[in-house]
């Protein structure tokens, strides 16, 4: 059930008459429902303990993806709100009916077109979130610097401070980070989804790929592609579609584990457990 104070707020501010609610998965962070109203169906998620700007930053990321000229489908945001006394923070957006399958080749093509949205610097003019964790986006001109200082270093510090890793991990990481300039191919900053695993996209009832739950910034396009390989969920046709628009640099598969140090660290800080040993295992290879 939607918290009474939230349903009252939506009724008063948007003139919505809520006719029915259907529980949906909100992931490991939020609660979510399909909202049937006098104005149509919506997707609503909420969280009582979210930071004040949590859903605002997600809405900003969705808008940036929608505004990019990639033809990727992205839900339209209707309203957001920060947590108030007695009312959770929330995000209300259009409801997209999930289909059974879709055109993966076309999805890959459209992701490549998204990555053609460029900026002058890596990062973003503001910080945001990846999952429930803060994501630092200080802008800089060098990809290796950004990856090191804005992606890996903050997550290692968080893991060490919380006791999930010991401080000695920095020595292993520093050994690898000193080699990154020779490992990463040159690129210009591309707009990234930022958290592109199999649970953060779906195919709609027409077979179009729909992106959700972004953690956007401008970075190396290989970051998004590496994320897709973290847990699977993307077909060979998806990668063929991507390369039909934007061929990959030689050696990409060897770089994937390095890029995925970032999502691994995010999972270390969220869940601990075997993700810690996976992270250490990758570092030992360098």
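Assorted remarks:
- The condition (being closer than 20 Å to residue 254 by Cα, free of Cβ contacts under 8 Å to residues at least 60 places away in the same chain and surrounded by fewer than 19 Cβ atoms within 10 Å (Cβ to Cβ)) is satisfied by just one residue among 174, 141, 170: 174.
- Flag for residue 99 being crowded, with 20+ Cβ neighbours inside 10 Å and outside the structural domain of residue 224 (by TED's automatic domain parsing): no
- All positions within the range 198-221 that are farther than 16 Å from residue 103 by Cβ and in contact with a helix residue (DSSP H, G or I) (Cβ under 6 Å, 6 or more places away or on another chain): 212, 213, 214, 216, 220
For (1) assigned by TED's automatic domain parsing to the domain that holds residue 227; (2) assigned to a loop (DSSP other than H, G, I, E, B); (3) over 17 Å from residue 192 (Cβ atoms), each residue gets a yes or a no:
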{"residue": "43", "(1), (2), (3)": "no, no, yes"}
{"residue": "64", "(1), (2), (3)": "no, no, no"}
{"residue": "69", "(1), (2), (3)": "no, yes, no"}
{"residue": "111", "(1), (2), (3)": "yes, no, no"}
{"residue": "147", "(1), (2), (3)": "yes, no, no"}
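- Considering (1) assigned to a loop (DSSP other than H, G, I, E, B); (2) over 23 Å from residue 208 (Cα atoms), the lone condition that residue 57 does not fulfil carries the number (1).
Condition check ((1) touching a helix residue (DSSP H, G or I) at 6+ places or on another chain (Cβ under 8 Å); (2) without any contact (Cβ under 8 Å) to a residue 12 or more places away in the chain; (3) surrounded by fewer than 18 Cβ atoms within 10 Å (Cβ to Cβ)) across all residues:
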| site | (1), (2), (3) |
| --- | --- |
| 14 | no, no, yes |
| 33 | no, no, no |
| 47 | yes, no, no |
| 51 | no, no, yes |
| 55 | no, no, no |
| 66 | no, yes, yes |
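- Just one of the listed residues (192, 124, 133) is in contact with a helix residue (DSSP H, G or I) (Cβ under 7 Å, 6 or more places away or on another chain), buried (at least 17 other Cβ atoms within 10 Å of the Cβ) and touching a residue at least 60 places away in the same chain (Cβ under 8 Å), namely 192.
The values are calculated or read from the model by the stated rules, or taken from the named source; none is laboratory data. No experiment lies behind these values; they were computed from the predicted model shown. Positions of Cβ are generated from backbone atoms using ideal geometry, with glycine treated the same way; all protein chains shown enter the neighbour counts.
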